[in-house]
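Rule-based calculations on the coordinates, nothing more; no lab input. Since the model is a prediction, treat every value here as computed from it, not as a measurement. Every residue, glycine as well, gets a Cβ built from its backbone with ideal geometry; the counts of neighbours run over all protein chains shown.
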Amino acid sequence: MPEGCTPWELRSSWEGLGEISGTFVAKKRDKTGSRFGFLSFCNVHDILCNTSKFCVQ
């Protein structure tokens, strides 16, 4: 995640994959020093179908 990324920027970059109910950007960093965040989606009916949208090849 880019340095200084806000929850609103995180939301806007993922909105095309469905309706987002919440975002969270952690103040802490992972073991490699990278920032991370979480998204919650509304009305998820098939998690396997939705996760295939996230795969980048």
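Rounded if a/c is under 1.5, else prolate if a/b beats b/c, else oblate: with a ≥ b ≥ c from the C-alpha gyration tensor eigenvalues square-rooted, which is region 1-40?
Judged from the Cα gyration tensor, region 1-40 comes out prolate (a/c at least 1.5, a/b above b/c).
Ranked from highest to lowest mean number of other Cβ atoms within 10 Å per residue, what is the order of the peptides 4-10, 29-35?
4-10, 29-35
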